[in-house]
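Single-structure report; data block below.
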Amino acid sequence: MKYIKNKIFLISLTLALCVSTVFSVFYFMGVQNIPAAMVQDAMLPFQNAFTRLSKSLDGYLVYFSNMRALYEENQALKDRVENLENQLHDAELAVGENAALRDYLGVRDRYDSFSVVQAQVLGNSDGTYLQYLTLDRGTASGIRENMAVITKNGVVGYVCEVSTNSCRVKTLLQYDTGVGVYVQRSGDVGMTDCPYAMGQKGLLRVVYLPEDASLQIGDRVVTGDLGDMYPSGLTVGHIIEVMPDVYSRTLTATLQPAVNFDDLEQVFVITGFVEKLPDTEQTTEGAQQ
Amino acid sequence: MRKHYVLHAMTAVGCVACAILLCAAQTSFFPHYLNDAILVPDLLLCMCVGIGVFAGRYAHIYGTLFGIFAGILADGTAGCGIFLLPLLYVLCAYGAYVCADLFPKRKFTVYLSFGAVASVLRVIVAILYVLLSGGSVPIPDVVRYVCIPLFFGTSIALLPLFPASWILTLPVRKIKHQNIDKFT
C-alpha cells in the first residue's frame, strides 16, 4: 500500500497522464500536433548524426560481410554493362523513331517542369506497423502537407506532417494510402492498395482493374490523371502477378514498387508542377491550392 | 552536501543524454540493421526498467521522470500522434523500483524478469496504437509483424543495456552508500 501512496509516484503518474492526454488531443482533433513537431525538430540533429553514422558503417560492414557477394555482383555487373552497351546502341535508334512517332500523334510531354526540393531520409517509424519516413526538410524549405515525394525511380508517398525543419512522409506501403493509377501499356485504370501483410513484404497491389483488362507481367503502372496530389505518369511499380476477384468481377494485380523502400536515402518532394492540358495551362502546387 | 548535488546533476544529465541518444538510435540507426533480423527493440523501455531497478533509493524519482521524458521523445519522434508511452514508461519504471525494493538482493533477476513483463505491456500498448489510430490491420499481421518482434527485440535488448543503466545510476547509488556510512 505504501508503494501506491508514494507522493513522487502519484505526482509522476498525474504528470504522465496529463502529458498523454493533452498531446493526444491534437491527434484526435485532427489538427497539427505541435508538441510532436517540436520534439521532432529538436531530435533532428541527433537523428541526422545517427543516419550518417549508419551510412559510414554500411560501407565497412558490407565490405567485410559480403565479400563473396560483392565479387559475384561485380562479375554480374560487368556482364550487364556489356549488354547495356549493346542496348544503348539500339535505344539511340529507337529514340529517334520514338520522337518521330510522338510528333506524328501530337503527343507532347504532359508536364513542363517539376519544381522539387531534395531531402534526406533521416529515419523511419521504428519498424512497427507504421510506414512513415522522416525527412530533413520542412516549411522553411517550402514543404507543405500533401506534397508528393518521389525518387528517380518512382513514387514514394506524400507528406502528411510538416514542422519547420522536418516533415513526415506516409509511404505507399502504409495500409491506408491509395493512389489512382493506370497501366501504361493498356491504359486500364485502377487504384493502389496495400494490405498489411503485403506492405511488410514491400509489395503493393492494384485493385478495381476492369475484368477485360489486358494485363501482362512486367507492365509498368503509373500515376493517373485524377487528383492533384501526384502528377500523372510517375512510375509506381511493375506488375508481377494478376488475379481475378470473383466477388467484384474485377482484376487485382500485385505490384513490385519501383522504389526500394528499405534503402531510401535521398528523395525529392514535388513542391509544384506545371501541367499542360489541351486547352488551358494549369499550375498546381501540391494540394494547397 | 555539495558533492551530492554534483552526483545528482551527473545522473540527471546522463539520463537526458541517454534518452536522446537511445531515441535517435532507435529511430535512425537500429531499424537500418535490425529490420532484417525482424527485431524491434524498445531501448528506452529497457532503460526505464534499468533505472527503476538500479538507481537505489532515488530509483522512483529518476525512473518516473526519465519515463515521462523518454515517452515524449519516443512518441514525438516516431509515433503516430497518440502519446501513450509516457504513461507506460512511468508505470514500468515505478514497477521496477517496487520489485527491486521487494527483492533487494536479486536485482539482476528482477531487472530481467520485470523487463520481460514490461515488454509484454509494450506489446499491449502497440496493439492499442493500432486500434486507436483506426487502422484495419488484421490481428494475425499485428501479432506477426508487431507483437513478436517488439517482445523479443525488447527482451533481448535488456541484456546489452544492463551495463548502461548500471553505469548511469552509479552516481546516485554512491550517495546512498555515503549516507549509510554516516549513519552507521
Meets criteria (modelled with pLDDT of 80 or more, more than 14 Å from chain B (Cβ to nearest Cβ) and either loosely packed, with under 10 Cβ neighbours inside 10 Å or closer than 20 Å to B:F69 by Cα (or both)) for A:E73: no
Residue satisfying condition, being within 14 Å of the chain's Cα centre (by Cα) and at the interface with chain A (Cβ under 9 Å from one of its Cβ atoms), within set B:L150, B:L121, B:L161: B:L150
Conditions (1) buried (at least 24 other Cβ atoms within 10 Å of the Cβ); (2) under 27 Å from A:L53 (Cα atoms): number failed by B:V16: (1)
Output for segment A:155-187, where each listed residue is in contact with a Leu (Cβ under 6 Å, 6 or more places away or on another chain), of a type in the set (G, A, S) and closer than 30 Å to A:D212 by Cα: A:G157, A:G180
Test for B:Y97: is it surrounded by fewer than 22 Cβ atoms within 10 Å (Cβ to Cβ), more than 11 Å from the chain's Cα centre (by Cα) and among the aromatic types (F, W, Y): no
Within segment A:35-46, considering residues that are among the aliphatic types (A, V, I, L, M) and facing another protein chain (nearest Cβ under 7 Å), the one most open to solvent (accessible area, probe 1.4 Å): A:V39
Check on B:R173, facing chain A (nearest Cβ under 10 Å), open to solvent by 30 Å² or more (accessible area, probe 1.4 Å) and in a helix (DSSP H, G or I): no
Tally, over segment A:252-276, of residues that are buried (at least 21 other Cβ atoms within 10 Å of the Cβ) and either over 17 Å from the mean Cα position of the chain (by Cα) or not assigned by TED's automatic domain parsing to the domain that holds A:N146 (or both): 2
Segment A:174-219: number of residues that are open to solvent by 20 Å² or more (accessible area, probe 1.4 Å) and over 19 Å from A:T235 (Cβ atoms): 11
Selected residue [within 11 Å of chain A (Cβ to nearest Cβ), in a helix (DSSP H, G or I) and of a type in the set (A, V, I, L, M)] from B:L45, B:L21: B:L21
Matching entry among A:R102, A:R68, A:R80 (being at pLDDT below 65 and in a helix (DSSP H, G or I)): A:R102
Selection status of A:F46, farther than 13 Å from B:G76 by Cβ and under 26 Å from the mean Cα position of the chain (by Cα): no
Spans of strands (runs of 3 or more DSSP E) in segment A:115-234 with at least 3 residues within 14 Å of chain B (Cβ to nearest Cβ) and not aliphatic (A, V, I, L, M): A:167-171
Residue satisfying all of: in segment B:54-109; assigned to a helix (DSSP H, G or I) and among the basic types (K, R); farthest from the other protein chains (Cβ to nearest Cβ) among these: B:K107
Count of segment A:8-34 residues which are under 27 Å from A:D136 (Cβ atoms) and either among the hydrophobic types (A, V, I, L, M, F, W, C) or open to solvent by less than 20 Å² (accessible area, probe 1.4 Å) (or both): 7
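The values are calculated or read from the model by the stated rules, or taken from the named source; none is laboratory data. Predicted model, so just to flag it, every value in this text is computed and none were measured. Because the Cβ atoms are built from the backbone with ideal geometry, glycine has one as well, and the counts that use them run over all protein chains shown. Surface accessibility is based on the protein's heavy atoms, side chains included, excluding ligands, DNA and RNA. Shrake-Rupley method; radii C 1.70, N 1.55, O 1.52, S 1.80 Å.
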